[in-house]
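Heads up, the thing below is written out as structure tokens.
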Amino acid sequence: MLMESWAIIVLLLMMAGIFSHRKKMNYAVMTLPLGIVPFSRVCSGPLASAVRGLGVSLAAPYLRCAVIGVGLAAACVLFWVFSKRASTLRSRRGYVIVCSAFSVCLALVFMGDVLIL
């Protein structure tokens with residue numbers, strides 16, 4: 001799932017670039033928090049290896065899930081913060097609900113992958 005995480009990150013950065021090129025900076029900024037959960041998945045492996053090297057007895061899969069969970073929490077907070085850029089209340093709610101649901105589903109898939117392997 002590491003390559004899939006990188007693919008999601010690259011696609012989201014390309015989307016943000018297209019939005020910024022079209023002078024829609026609000027959309028570009030609102031797109032970026034979607035990449036936090038895949039980025040936390042990418043960072044969880046090296047972080048777990050570094051902690052294991054320090055001699056901490058926490059199991060690596062649980063640490064990786066914790067890092068993904070922290071990334072999910074940060075993404076959901078940023079969705080709420082960046083929703084203020086949306087023009088109407090209806091679009092704010094839709095943005096927060098859809099982006100949070102996407103991130104939760106993605107985090108569950110990543111956690112399931114980490115715990116099964």
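The values are calculated or read from the model by the stated rules, or taken from the named source; none is laboratory data. Being a predicted model, the structure only gives us computed values, none of them experimental. Here the Cβ is made from the backbone with ideal geometry for all residues, glycine too, and neighbour counts use every protein chain on show. Only protein heavy atoms, including side chains, enter the accessible area calculation; ligands, DNA and RNA are left aside. Shrake-Rupley method; radii C 1.70, N 1.55, O 1.52, S 1.80 Å.
Here are a few things to note about the model shown:
- Index of the failed condition, LYS23 passing every other in (1) farther than 17 Å from LEU115 by Cα; (2) open to solvent by less than 50 Å² (accessible area, probe 1.4 Å): (2)
- Candidate set: the stretch 59-85, residues that are of a type in the set (Val, Ile, Thr) and closer than 25 Å to LYS24 by Cα; chosen: the one surrounded by the most Cβ atoms within 10 Å (Cβ to Cβ): VAL77
- Remark: pairs (first residue in the stretch 106-117, without any contact (Cβ under 8 Å) to a residue 60 or more places away in the chain; second residue charged (D, E, K, R) and open to solvent by 100 Å² or more (accessible area, probe 1.4 Å); Cβ separation under 8 Å; 6+ apart in sequence or on different chains) are absent.
- Cβ-Cβ contacts under 7 Å between residues 6 or more apart (or on different chains), taken from a first residue in the stretch 24-48 that is closer than 16 Å to MET111 by Cα to a second residue that is open to solvent by 50 Å² or more (accessible area, probe 1.4 Å) and of a type in the set (Lys, Arg), are listed as SER44/ARG64; GLY45/ARG64; ALA48/ARG64.
- Condition met for VAL56 (farther than 20 Å from MET3 by Cβ, β-branched (Val, Ile, Thr), open to solvent by 30 Å² or more (accessible area, probe 1.4 Å) and modelled with pLDDT of 90 or more): no
- Hits in the stretch 18-35 - residues which are under 22 Å from TRP80 (Cα atoms) and not aromatic (Phe, Trp, Tyr): SER20, LYS24, MET25, ASN26, ALA28, VAL29, MET30, THR31, LEU32, PRO33, LEU34, GLY35
- Check on TYR95, aromatic (Phe, Trp, Tyr), over 14 Å from PHE110 (Cβ atoms) and open to solvent by 80 Å² or more (accessible area, probe 1.4 Å): no
- Failed item, numbered, when THR88 is tested on (1) in contact (Cβ under 8 Å) with a residue 40 or more places away in the chain; (2) open to solvent by 60 Å² or more (accessible area, probe 1.4 Å): (1)
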